[in-house]
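Each remark here refers to the structure printed beneath this line.
The values are calculated or read from the model by the stated rules, or taken from the named source; none is laboratory data. Just so it is clear, the structure is predicted and the values come from calculations on it, not from any experiment. We place every Cβ from the backbone using ideal geometry, glycine too, and count neighbours over all the protein chains shown. SASA here: full protein model, heavy atoms, side chains in, ligands and nucleic acids out. Shrake-Rupley method; radii C 1.70, N 1.55, O 1.52, S 1.80 Å.
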Protein chains: 2
Amino acid sequence: MTLNNVFTIIFVAVTLLSCKKKDTRTPPSTSIETPIQVNEFAIVIHGGAGSQTRKNITPELDSLIRSKLTEAITVGHRILKNGGSSLDAVEKTIHVLENSPLFNAGKGAVYTNQETNEMDASIMNGANLDAGAVAGITTIKNPISAARKVMENSPHVLLSGKGANQFAEEQGLEIVDPSYFATEKNLRYLRKIKTLENKKLTALLTKKYPDYKFGTVGCVAIDKNGNITAGTSTGGMTNKKWNRIGDSPIIGAGTYADNNTCGVSSTGHGEYFIRAAVAHDISAQIEYKKVSLKEAAENVVQQKLVALKGDGGIIAIDKYGNIQMEFNTPGMYRASINQKGEIYTGIYKDE
Amino acid sequence: MTLNNVFTIIFVAVTLLSCKKKDTRTPPSTSIETPIQVNEFAIVIHGGAGSQTRKNITPELDSLIRSKLTEAITVGHRILKNGGSSLDAVEKTIHVLENSPLFNAGKGAVYTNQETNEMDASIMNGANLDAGAVAGITTIKNPISAARKVMENSPHVLLSGKGANQFAEEQGLEIVDPSYFATEKNLRYLRKIKTLENKKLTALLTKKYPDYKFGTVGCVAIDKNGNITAGTSTGGMTNKKWNRIGDSPIIGAGTYADNNTCGVSSTGHGEYFIRAAVAHDISAQIEYKKVSLKEAAENVVQQKLVALKGDGGIIAIDKYGNIQMEFNTPGMYRASINQKGEIYTGIYKDE
C-alpha cells in the first residue's frame, strides 16, 4: 500500500466517522456501553424534593432529618449486605420513613381539603416488571406494604379508596385508626393553606408555602442478584380535593423498575411527572438511546420537566449499581449507601 | 486520483458503513426518517380487543357493531374536515361509543363485583402534553368529558371515586342516576362470571368467557393543525373488586399523546398495559429509536406484551397522519377514516 493510499484511507475514514457523529440518531456512547460494575448492591432513598435551603431549615431539623435518613437506609443496606432481596430492602426502608412524622408519607401524611389523610404508594419489581399500587388509603399503617400485597397477592396493579383499604385489611396488614395519621403540625399547615386559597391569594400561597404540593418518600435498591426494586409512598398534596391521585401510585410516573435498565422513584409536583411519564422515560432513554442513567436522568429532570415547568426530582439506580439523585428544586432530602458501606446524606443542592 | 485509490475509497467506505449497520443502537431508518405526509388529518377508533372471531360473532352483531363504529368515527371525521380540533373530534366520537350499550364504556359499562358500574377515562393533548383522567366514577353520563374537564379546568391530572363525580358535577356535566348504566345483558354476564369464580373454576371461566377482563373504547385523531389527541374510556373489568383501576385512566399506559411522536389508545388486560407502560413506550420508541409508528407498535404489542402474556391491542396515529391498529388477540373492534374520507371497519384479524 502506498503512502498516498494510506492518506486516502484516513481521509475517507475521518469523513465517514464525522458524518456519523452528526447523525442525531446515534447519541454518544457512554458508561452504559462500557459497563463498570460499580456496586454489587446499592441503595438510595429520598424524603421529598422541595424548597429546602440552609435559610429555611434549622440546624436541629437538618440534624433530625439526616439522622432519620441514615436510620432508614441502614435498614435496607443491612438486608442487601446479608443477601436479602431488593424488594425487602425497599419495603423495610420505606417503613422507617413512613413511621416518622418528618416526611409526607404514612405517619407524617399531610391533610386533604376535607381534613383527612389519604395516602398513595407503589412498588415495582424489575426482575419481572410486576407492580402493585394503592391510592387514597386511610387505615393502613404502612402504605408501601399494601402496594406490595397488591403486587404479590392480587391479579391487579392499582387498587383505590375503600376497596384498597379492604384488600389490605384482608391481607392482614397492620390497621390503624385514621387518627393515627393526625399531626398538629400538618393540620395547622393545611389551615394556613386553606385560608390563603379561600382568599384566592395564590401567588402569596406559593411564595409562603412553596412546598405544599410536595412531599414523598422513596427507595430504589439493587441486590446481589442484580434485581432492582423501586418504591414510593406519599400523603400527596396538602389541601388536595376530589380524591386527587398524584404520580406516586402511577407505575411509569412515580415508580418504575426494569432489571435491564434501572429503577426510579420520583418526588415533586405529581401532575407534571404523570404527563412526562418521568420514571418510564428515564428507563426508555437508557433502553433506546443507550445513554447512561446520569444522562437520562439529567435530560428528564433538568430539561423535559423544566420545559413543562414541573418541579421535583428522582432517585435511581441502574443495572450496574450506579446511583443517581437528580432534582431541579433548591433541595431534596436524600441518602445513599454503596456496597462499601459508604453513606451519603444530602438536603441542599450544593452537597 | 488513481483507479487504485478509487477502489481503496470504496473498500473503506463499504467496510465502515457495514460496521455502522451492526451497531444495534442505530435501528434501520424507516418512514418516519423520510416523512411522507400521508394524511393531513386522520382519525381511528377502537371498541375493544378480545376473542372476536366469525364463529362467536353473529352476522347481526357484526353488522350492528360496524354500523355503530361508522356512526362514531363519522362524527369525529366531520369535525376534523371542517377544521375542528382533534380534542373535539376525540371527545365527540367517544360520546357515540359511550352512549351505545354495545361497548364496555358509558352506557355499556360492565358490572363490578358489587353489582355497580364504575367507569374510568382519560384524554391527552399532544400539543402541550396536558392530560386529564377520572377513575371509578358512577354518575357521569360521558366519562371522557369528565376527563377533559379535569384536564382543562383543574390543576390535576387524575381524580377518583366520589371526588371525581363531585368535580364533574360542579363542572356542569350531564349527571345520570347510576341505574342509567344498568343493562340486563351485563348483569347476567357478571353473575355467570361470579358463579364460576366462586367455585374457583378459573380455567373454565377463562375458556367460557375469555373477554371478561376486556372492553374499552378509544379514539386517536390528528387535526389540520397537526395536533394529536388520544382518549380512552371504559367500564373496566367485569367482577372487579377493591376499586381496582385499570390502564384506561393511566397516562402512559392506556393513553398517551405527543405531537412530536404519536397518539395512542390501548385496550386489553389493563394490568399488563400498566406494567409495560404501553402507550408511552410506543411514543418513546419513535422518539429515541427513531423507528416508525408501525415498528414501535408491533414491537410493543407483538413482542413485549406477548412476552409478559399481556393480551390486547392499541390504535395510534403518528405526526404524519399514519394510522396503526395493532392487536395480539383474535379480534379488535376498530375503524378509521383518512383525509380522503376512505372508511375502514374491522373486527377480525384477517381483514
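Give all pairs with beta carbons closer than 7 Å in which a residue from the range B:198-226 that is under 22 Å from residue B:244 (Cβ atoms) meets a residue that is polar (S, T, N, Q) and in a loop (DSSP other than H, G, I, E, B); count only pairs at least 6 apart in sequence or on separate chains.
B:210/B:51; B:211/B:51; B:212/B:238; B:212/B:239; B:215/B:104; B:216/B:104; B:216/B:248
Of all residues in the range B:315-342, count the ones that are within 21 Å of residue B:54 (Cα to Cα) and in contact with a His (Cβ under 9 Å, 6 or more places away or on another chain).
Quick first cut of the range B:315-342, residues within 21 Å of residue B:54 (Cα to Cα) only: B:325-336.
The next check asks that each one be in contact with a His (Cβ under 9 Å, 6 or more places away or on another chain); those that pass are B:325, B:327, B:332-335.
Result for the range B:315-342: 6.
Just give me the residues in the range B:216-236 being touching a Phe, Trp or Tyr at 6+ places or on another chain (Cβ under 7 Å) and open to solvent by 10 Å² or more (accessible area, probe 1.4 Å), in sequence order.
Step one: of the range B:216-236, the residues touching a Phe, Trp or Tyr at 6+ places or on another chain (Cβ under 7 Å) are B:217, B:222-224, B:230.
Matches in the range B:216-236: B:224 only.
Which ones in the range B:110-156 are touching a residue at least 24 places away in the same chain (Cβ under 8 Å), surrounded by 24 or more Cβ atoms within 10 Å (Cβ to Cβ), in contact with a Leu (Cβ under 9 Å, 6 or more places away or on another chain) and within 9 Å of chain A (Cβ to nearest Cβ)?
Result: B:131, B:133, B:135.
Just to be sure, is residue B:81 farther than 30 Å from residue B:178 by Cβ and either open to solvent by 10 Å² or more (accessible area, probe 1.4 Å) or among the hydrophobic types (A, V, I, L, M, F, W, C) (or both)?
Details: farther than 30 Å from residue B:178 by Cβ: yes; either open to solvent by 10 Å² or more (accessible area, probe 1.4 Å) or among the hydrophobic types (A, V, I, L, M, F, W, C) (or both): yes.
Against the criterion (farther than 30 Å from residue B:178 by Cβ and either open to solvent by 10 Å² or more (accessible area, probe 1.4 Å) or among the hydrophobic types (A, V, I, L, M, F, W, C) (or both)), residue B:81 qualifies.
When the residues of the range B:128-147 are narrowed to those that are assigned to a loop (DSSP other than H, G, I, E, B) and within 18 Å of the chain's Cα centre (by Cα), which ends up nearest to residue B:251 (Cα to Cα)?
From the range B:128-147, those assigned to a loop (DSSP other than H, G, I, E, B) are B:128-129, B:138-139, B:141-142; that's our starting set.
Next, only the ones that are within 18 Å of the chain's Cα centre (by Cα) stay: B:129, B:142.
Numbers: B:129: 10, B:142: 19 Å.
By that ranking, first place goes to B:129.
Based on this model, can you work out whether residue B:291 counts as open to solvent by less than 10 Å² (accessible area, probe 1.4 Å), within 14 Å of chain A (Cβ to nearest Cβ), in a strand (DSSP E or B) and not small (Gly, Ala, Ser)? It would help to see each step written out before you state the result.
Numbers: open to solvent by less than 10 Å² (accessible area, probe 1.4 Å): yes; within 14 Å of chain A (Cβ to nearest Cβ): yes; in a strand (DSSP E or B): no; not small (Gly, Ala, Ser): yes.
Judged against the criteria, residue B:291 is not a match.
Any residue at all in the range B:244-252 that's touching a residue at least 60 places away in the same chain (Cβ under 8 Å) and of a type in the set (Lys, Arg)?
As a first pass, look at the range B:244-252 and keep what is touching a residue at least 60 places away in the same chain (Cβ under 8 Å): B:245-246, B:248-251.
The next check asks that each one be of a type in the set (Lys, Arg); those that pass are none.
No; the residues of the range B:244-252 include none that is touching a residue at least 60 places away in the same chain (Cβ under 8 Å) and of a type in the set (Lys, Arg).
Restricting attention to the range B:180-190, which residues are among the hydroxyl-bearing types (Ser, Thr, Tyr) and open to solvent by less than 30 Å² (accessible area, probe 1.4 Å)?
Filtering the range B:180-190 down to residues among the hydroxyl-bearing types (Ser, Thr, Tyr) leaves B:180, B:183, B:189.
Result: B:183, single match.
Here are the criteria: (1) of a type in the set (Val, Ile, Thr); (2) assigned to a strand (DSSP E or B); (3) modelled with pLDDT under 95. Tell me which single one residue B:45 does not satisfy.
Here residue B:45 clears every test but (3).
Condition test on residue A:281, is it over 21 Å from residue A:148 (Cβ atoms), out of contact with any Ser or Thr (no Cβ under 9 Å at 6 or more places or on another chain) and either more than 9 Å from chain B (Cβ to nearest Cβ) or buried (at least 24 other Cβ atoms within 10 Å of the Cβ) (or both)?
It is true that residue A:281 is over 21 Å from residue A:148 (Cβ atoms), out of contact with any Ser or Thr (no Cβ under 9 Å at 6 or more places or on another chain) and either more than 9 Å from chain B (Cβ to nearest Cβ) or buried (at least 24 other Cβ atoms within 10 Å of the Cβ) (or both).
Could you list, ordered by first residue, the pairs with Cβ atoms under 7 Å in which the first is in the range B:273-295 and without any contact (Cβ under 8 Å) to a residue 40 or more places away in the chain and the second is basic (Lys, Arg) and open to solvent by 20 Å² or more (accessible area, probe 1.4 Å), at least 6 apart or interchain?
Pairs found: B:276/B:304; B:288/A:289.
Hey, does the range A:252-269 have a residue that's open to solvent by less than 10 Å² (accessible area, probe 1.4 Å) and over 24 Å from residue A:128 (Cβ atoms)?
yes
When the residues of the range A:168-179 are narrowed to those that are over 25 Å from the mean Cα position of the chain (by Cα) and open to solvent by less than 70 Å² (accessible area, probe 1.4 Å), which ends up nearest to the other protein chains (Cβ to nearest Cβ)?
A:171
Residues in the range B:311-320: is at least one closer than 24 Å to residue A:263 by Cβ and within 14 Å of another protein chain (Cβ to nearest Cβ)? Spell out how you get there, then give the answer.
Going through the range B:311-320, the residues closer than 24 Å to residue A:263 by Cβ turn out to be none.
No, there is no match, as no residue in the range B:311-320 is closer than 24 Å to residue A:263 by Cβ and within 14 Å of another protein chain (Cβ to nearest Cβ).
Select from the range B:298-350 the residues that are open to solvent by 10 Å² or more (accessible area, probe 1.4 Å), small (Gly, Ala, Ser) and in a loop (DSSP other than H, G, I, E, B) and list them in ascending order.
Passing the criteria: only B:341.
Are there any pairs, at least 6 apart or on different chains, whose C-beta atoms fall under 7 Å, with the first in the range B:253-269 and touching a residue at least 24 places away in the same chain (Cβ under 8 Å) and within 15 Å of residue B:291 (Cβ to Cβ) and the second among the charged types (D, E, K, R) and open to solvent by 10 Å² or more (accessible area, probe 1.4 Å), and if so, which?
B:260/B:287; B:260/B:319; B:261/B:287; B:261/B:319; B:262/B:319
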